[in-house]
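Okay, so here's the structure we're looking at.
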Amino acid sequence: MNESEITTGGLRGGRPGREATTGANVPAGGGGPRRGSAEPQEPAPVTRPGTDPRRKRRGRRRDEPEFRSYYDLPVINKPVWEAPDIPGYLFLGGLAGGSALIGAAAHVTGRRRLATAAKTAAAAAGHLSLLALVHDLGRRGRFLNMLRVFKVTSPMSVGSWLLAGFVPAASAAALSGITGRLRPVGAAATAVSAALGGPVGAYTAVLIADTAVPAWHDGHRLMPFVFVSSGLSAAAGLGLLAAPADETAPLRTLAAGSGLAEVALSKVMEHTMGLSGEAYRTGRARKLMRAAEALTLGGAALAVVRPHRRLPAAAAGAALVAGSALARFGIFEAGMVSAEDPKYTVVPQRERLERAKARAGGPGGHGGAEAGR
């Protein structure tokens, strides 16, 4: 049996009992508050699992622990999509849809060279978009398997069927425009590709906004409008590059208007998304989005300032195409960043929960009654 001795410094030589205080700081020399003493003891700090109270985040209070997830793992699964396949797929889909609409308008108004250039761009961008998607999927059979069923609730299923109808129609319209043969068939194919052009340019926004990625999902209200305006500005820019100046007068107005709309809608989307909009303003995504904004605004200005000069028109077209492409890469990068950082998922959820509790406990609510039970 172990012998114990009670001294002025406390219990020595014995084991602590069941009611012994754990986690208390013991001064040097073995002394400490005796059992039953009225001296208050400061409890050990309680933190959430995975948090370290010694680590501070800039802008937080000194006693507030930094937010971290369990084992520092992301809360949601990061998308398996990779660059440049998927951002290229997003950009080329918008370019194809916008070019098809411009090609149909030019066909109706008798601008033959602009119509041919736009139809060719729509077909080429559609084929490249399809190739980028298949390359990311890994096997051609996976794309064909998506055509086995049609699900209205699945953006990928709807998009696959849209591409399956758009690419052949755009190809037939381009071939007829280049060769000058089978003009009735070419006119019908032009109408079909134009009818599908708008959905082709917008569905990729619905596709990424339908995921759980915060920087994509939180912008679901404005993301389709951003994509459509971006696709129109890229298609108009390509038309300025490829068509002669005497056929591009309406195109210059479209290029400037769609470019300004793209920048304005992107800004509004970022600032109405809450915390997840921060992903667009940090790191590599910020550089891509700012470069896209500068190129798009510069291209829109050149399109209307020097309308009859060939070189400024070509420069404006190149800037608009590059700006649209960089915007897609920036949106893709922001989504990947927000998927990796758990704060973009958890903090907005907590804020929504707090707002719901506040509404339930407000005037006419039942929160107070429930809390008192």
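The values are calculated or read from the model by the stated rules, or taken from the named source; none is laboratory data. Keep in mind it's a predicted model, so treat the numbers as computed, not measured. Cβ coordinates were reconstructed from backbone atoms using ideal geometry, including for glycine residues, and neighbour counts include every protein chain displayed.
Scanning the range 323-346 for residues that are in contact with a Gly (Cβ under 9 Å, 6 or more places away or on another chain) and of a type outside the set (D, E, K, R), which turns out modelled with the lowest pLDDT? In this case the residue turns out to be 337. The one condition from (1) over 30 Å from residue 266 (Cα atoms); (2) modelled with pLDDT under 95 that residue 172 does not meet is (2). The one condition from (1) within 20 Å of residue 223 (Cα to Cα); (2) modelled with pLDDT under 85; (3) surrounded by 15 or more Cβ atoms within 10 Å (Cβ to Cβ) that residue 83 does not meet is (3).
Considering only the range 112-218, give the helices (runs of 4 or more DSSP H) lying wholly within it that have at least 3 residues that are buried (at least 21 other Cβ atoms within 10 Å of the Cβ). I'd like the intermediate steps shown before the answer.
Details: elements: 112-137, 140-146, 155-179, 183-209, 214-217.
The helices (runs of 4 or more DSSP H) meeting that bar are 112-137, 155-179, 183-209, 214-217.
Of all residues in the range 94-114, those that are within 15 Å of residue 252 (Cα to Cα) have Cβ atoms under 6 Å from Cβ atoms of residues that are among the charged types (D, E, K, R) and at pLDDT below 95, 6 or more apart or on another chain, in 111/247; 114/247.
Being closer than 20 Å to residue 93 by Cβ, within 25 Å of the chain's Cα centre (by Cα) and surrounded by fewer than 20 Cβ atoms within 10 Å (Cβ to Cβ) narrows it down to one of 334, 322, so name that one. Only one candidate qualifies: 322. Looking across the range 227-255, the residues that are surrounded by fewer than 24 Cβ atoms within 10 Å (Cβ to Cβ), out of contact with any Gly (no Cβ under 6 Å at 6 or more places or on another chain) and of a type in the set (A, V, I, L, M) come down to 242, 243, 245, 249, 254. Here residue 333 does not qualify as among the charged types (D, E, K, R) and within 30 Å of residue 114 (Cα to Cα).
Could you pull out the residue among 311, 320, 241, 275 that is modelled with pLDDT under 95, in a helix (DSSP H, G or I) and within 18 Å of residue 114 (Cβ to Cβ)?
Details: 311 fails: within 18 Å of residue 114 (Cβ to Cβ); 320 fails: modelled with pLDDT under 95; 275 fails: within 18 Å of residue 114 (Cβ to Cβ).
So the residue among 311, 320, 241, 275 that is modelled with pLDDT under 95, in a helix (DSSP H, G or I) and within 18 Å of residue 114 (Cβ to Cβ) is 241.
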